[in-house]
1. Would you point out the residue of segment 180-195, among those that are basic (Lys, Arg) and assigned to a loop (DSSP other than H, G, I, E, B), that is surrounded by the most Cβ atoms within 10 Å (Cβ to Cβ)?
2. Report, by residue number, each residue of segment 298-335 that is more than 24 Å from Pro212 (Cβ to Cβ) and in a loop (DSSP other than H, G, I, E, B).
3. Could you identify the single residue in Glu259, Glu248 that is at negative phi, assigned to a loop (DSSP other than H, G, I, E, B) and modelled with pLDDT under 95?
4. Filtering segment 27-76 down to residues that are at pLDDT below 75 and in contact with a strand residue (DSSP E or B) (Cβ under 9 Å, 6 or more places away or on another chain), which residue is farthest from Thr104 (Cα to Cα)?
5. Which condition from (1) over 20 Å from Cys270 (Cα atoms); (2) modelled with pLDDT of 90 or more; (3) surrounded by 13 or more Cβ atoms within 10 Å (Cβ to Cβ) is the one that Pro346 breaks?
6. Could you please find all residues in segment 277-314 being within 19 Å of Leu218 (Cα to Cα) and open to solvent by 10 Å² or more (accessible area, probe 1.4 Å)?
7. Test Lys110 against the criterion of being within 20 Å of Gly36 (Cα to Cα), surrounded by fewer than 20 Cβ atoms within 10 Å (Cβ to Cβ) and in contact (Cβ under 8 Å) with a residue 40 or more places away in the chain, and give yes or no.
Amino acid sequence: MMSSPRAVAVTRVCGSPDLWIPRMLRLRAGRLCVAGGSRLLLGATRCDESFFIFDCADVERRPAPVGQETSSTDSEKILAAAFSSSGDYFAVTDDSKRLVLFKTSPIWEKISVRWVSRRCTSLTFSPCERWILVADKSGDVFSFSVESAQEEGRLELGHLSMLLDLVVTLDGRHIITCDRDEKIRVSLWEAPHDISAFCLGHREFVSGLALPPGQEKLLLSGSGDGTLRLWSYETGRELQSCSISSIERPEGPQRDSQEMMRFAVSRICCSPGGESVAVLCDGVPGTYLFTITDGPRLVHPQYIPLCYVPVDLDFGNSTSLWLLSPIKDHPMELLQYRDQRWQVVPLDNNMKALSKAITENWEQMEGEHPQAEA
């Protein structure tokens, strides 16, 4: 069992001064995770308790097969992480093929460490919070029990191509997966061999999926082709395709350089109420925001220019969006919806405390500098 967050507050960590650069931000129900290298900065978004550090490198490794030695040079970089819908559970996978499950309430507690077959690209919880689903580089999806936290995973379905993201529909009936070969597949969970629909139309790899809360049977997808698309996932019918490059970018690059950019979507995030959608694109110094209206349609596109390329983002609530930056002295940015527009606002005291914790541990935490993988 882990100690309470207050008892393990963030402090200087002894070891080599390798860079720890935050690469992932996850928020849910007042709880947060900032991940970089092999380390997680965990805590609550609004309380007086300190943030604390969890290092995946300190977790036990899978025993080596008989006659082989365990490698000490494997990377332990965090690959994927997610909260359950209530925020009461949190799971993370790393480059050493570990799946670590936490309970977050009333205090953070490590429940189990299990192993996956291949390095994972994405993970999510089922809406009922009884299962963790992980997608891996070989194209398979495995489910792991939350209640029976020591059980091995069960193969649910597979693609012929590397999976890049997956989601589970709110009713728990469908697993939706996307791959680097332009396909989105909707499968029945109870009979995964029964493919309900394909959502086809993207011209390059499908990098991300999102299910807007409260929006009946809708799916959002982003791709390397620079489009954000809205689907009726039960039928596979495309409802709308939005070209990111067509959105006006105030204070952005000149048109000539803009036309050379790919605008590959790297992250899609929906607000808790499903009204707003935030999008990041590779190499673009800002974020795009949309509203979902009846129709349904993606409307009121807005681009928020920044002086850096955001690393990640997540909604704190329906009117606040947190951005993770690559700048040591300014690692967090806050956007709020005011006067019918999203705009950058000063950090509140809780976000200042988080920014300070990130800054203080930027260069003091062991772990490899994260490197992009093909």
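1. The extreme case among them is Arg180.
2. Leu306, Cys307, Tyr308, Val309, Ser325, Pro326, Ile327, Lys328, Asp329, His330, Pro331
3. After ruling out the rest, the residue left standing is Glu248.
4. Per the stated criteria, the residue is Ser75.
5. Against the list (1) over 20 Å from Cys270 (Cα atoms); (2) modelled with pLDDT of 90 or more; (3) surrounded by 13 or more Cβ atoms within 10 Å (Cβ to Cβ), Pro346 comes up short only on (3).
6. The answer is Thr291, Ile292, Thr293, Asp294, Gly295, Pro296, Arg297, Leu298, Val299, His300, Pro301.
7. yes
This table checks each residue for (1) assigned to a strand (DSSP E or B); (2) surrounded by 22 or more Cβ atoms within 10 Å (Cβ to Cβ).
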| position | (1), (2) |
| --- | --- |
| Phe142 | yes, yes |
| Asp171 | no, no |
| Cys178 | yes, yes |
| Ala197 | yes, no |
| His202 | no, yes |
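The values are calculated or read from the model by the stated rules, or taken from the named source; none is laboratory data. Model, not experiment: these values are computed from the prediction. Note: ideal-geometry Cβ built from the backbone for every residue, glycine included; neighbour counts use all protein chains shown. Heavy atoms of the whole protein, side chains included, go into the accessibility calculation; ligands, DNA and RNA do not. Shrake-Rupley method; radii C 1.70, N 1.55, O 1.52, S 1.80 Å.
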